[in-house]
Amino acid sequence: MAEPLAAAVHAVARGTDAGDVGILGGGPMGLMLAALIVAQGRNVTVADPHAERRAQAAELGARAAENLDDRHELVFEAVGRVEAWREAAAAAAPGGVVVLVGGCPAGTEVSFQTGPLHYEELEFRGSFHHSREEVDEALAALAADGALWRTLRGPAISLEELPEALRTPTSGRSKKWVVDPRR
């Protein structure tokens, strides 16, 4: 849990201090971003098509929606698909910042309409990985508040069960498995 949360800490630092934040994607990364930003006292909307993930976002104190229909000062993309990158750009308010957290496969190309980028002065920022200090910050966040851990904790599985778990479709509640090599 600490490693992906450290990547979320890094992504939040790549953003701005905007008070109105949209997050596209209610998977583990999107929910981690939401928890960190809600803890800062900012308004957060998490958009995800799965009702279970929207419920998890609400448990963490975020507003939940199927889509980012409103435009936000700061938008995080946490899906990792070309369409989601475009949706994130469309959800940014003029002068807004879009932080691209969900990585697309190597060699993927994406195009955007030039109007919003130029005339609305949107800014795009990539976010990848974390530093040692961000791992420490993630560990402190997990120790201080168990809500995120309880919200995302999936079942305990063995190393032998891991390959099948990774092949499982990603619908329903967002979760992080606990891999116990002793099982």
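The values are calculated or read from the model by the stated rules, or taken from the named source; none is laboratory data. Keep in mind that this is a model prediction, so the values were computed, not measured. Here the Cβ positions follow ideal geometry from the backbone for every residue, glycine too, while neighbour counts run over all protein chains shown.
Yes/no matrix, rows are residues, columns are (1) farther than 20 Å from Thr16 by Cβ; (2) touching a residue at least 12 places away in the same chain (Cβ under 8 Å):
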position: Ala78; (1), (2): no, yes
position: Ala88; (1), (2): no, yes
position: Pro169; (1), (2): yes, no
position: Ser174; (1), (2): yes, yes
position: Val179; (1), (2): yes, yes
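Confirm whether Arg173 is charged (D, E, K, R), assigned to a loop (DSSP other than H, G, I, E, B) and surrounded by 14 or more Cβ atoms within 10 Å (Cβ to Cβ). Outline the logic, then answer.
Working: charged (D, E, K, R): yes; assigned to a loop (DSSP other than H, G, I, E, B): yes; surrounded by 14 or more Cβ atoms within 10 Å (Cβ to Cβ): yes.
Taking the combined requirement at face value, the residue satisfies it.
Elements of the type helices (runs of 4 or more DSSP H) sitting completely within the stretch 4-107 and holding at least 1 residues that are charged (D, E, K, R): these cover 51-59, 82-90.
Out of Ala89, Ala144, Ala140, Ala106, report the one residue that is touching a strand residue (DSSP E or B) at 6+ places or on another chain (Cβ under 9 Å) and of a type in the set (A, V, I, L, M, F, W, C). I'd like the intermediate steps shown before the answer.
Working: Ala144 fails: touching a strand residue (DSSP E or B) at 6+ places or on another chain (Cβ under 9 Å); Ala140 fails: touching a strand residue (DSSP E or B) at 6+ places or on another chain (Cβ under 9 Å); Ala106 fails: touching a strand residue (DSSP E or B) at 6+ places or on another chain (Cβ under 9 Å).
The conditions single out Ala89.
Just to verify a result, which residue in the stretch 8-58, among those that are of a type in the set (S, T, N, Q) and out of contact with any helix residue (DSSP H, G or I) (no Cβ under 7 Å at 6 or more places or on another chain), is surrounded by the fewest Cβ atoms within 10 Å (Cβ to Cβ)? Please lay out each step first, then the result.
Step one: of the stretch 8-58, the residues of a type in the set (S, T, N, Q) are 16, 40, 43, 45, 56.
Of the ones still in play, those that are also out of contact with any helix residue (DSSP H, G or I) (no Cβ under 7 Å at 6 or more places or on another chain) are 16, 40, 43, 45.
Values: Thr16: 14, Gln40: 11, Asn43: 16, Thr45: 22.
Here the residue is Gln40.
Residues of the stretch 109-145 being part of a loop (DSSP other than H, G, I, E, B), more than 20 Å from the chain's Cα centre (by Cα) and of a type in the set (S, T, N, Q), which ones? Result: Ser111, Gln113. Only residues that are surrounded by 14 or more Cβ atoms within 10 Å (Cβ to Cβ) and modelled with pLDDT of 90 or more were counted in the stretch 143-165, giving 2.
Going by what's in this entry, would Ala84 be described as surrounded by fewer than 23 Cβ atoms within 10 Å (Cβ to Cβ) and out of contact with any Asp or Glu (no Cβ under 8 Å at 6 or more places or on another chain)? Judged against the criteria, Ala84 is not a match.
Condition first: crowded, with 17+ Cβ neighbours inside 10 Å and without any contact (Cβ under 8 Å) to a residue 60 or more places away in the chain. Can you find one or more residues in the stretch 125-137 that meet it? So far as the stretch 125-137 goes, no, none of its residues is crowded, with 17+ Cβ neighbours inside 10 Å and without any contact (Cβ under 8 Å) to a residue 60 or more places away in the chain.
For the stretch 67-75, the criterion of being over 15 Å from Val21 (Cβ atoms) and either buried (at least 17 other Cβ atoms within 10 Å of the Cβ) or without any contact (Cβ under 8 Å) to a residue 60 or more places away in the chain (or both) is met by at least one residue. Quick check: anything in the stretch 62-81 in contact with a Phe, Trp or Tyr (Cβ under 7 Å, 6 or more places away or on another chain) and within 21 Å of Leu152 (Cβ to Cβ)? For the stretch 62-81, residues in contact with a Phe, Trp or Tyr (Cβ under 7 Å, 6 or more places away or on another chain) and within 21 Å of Leu152 (Cβ to Cβ): present.
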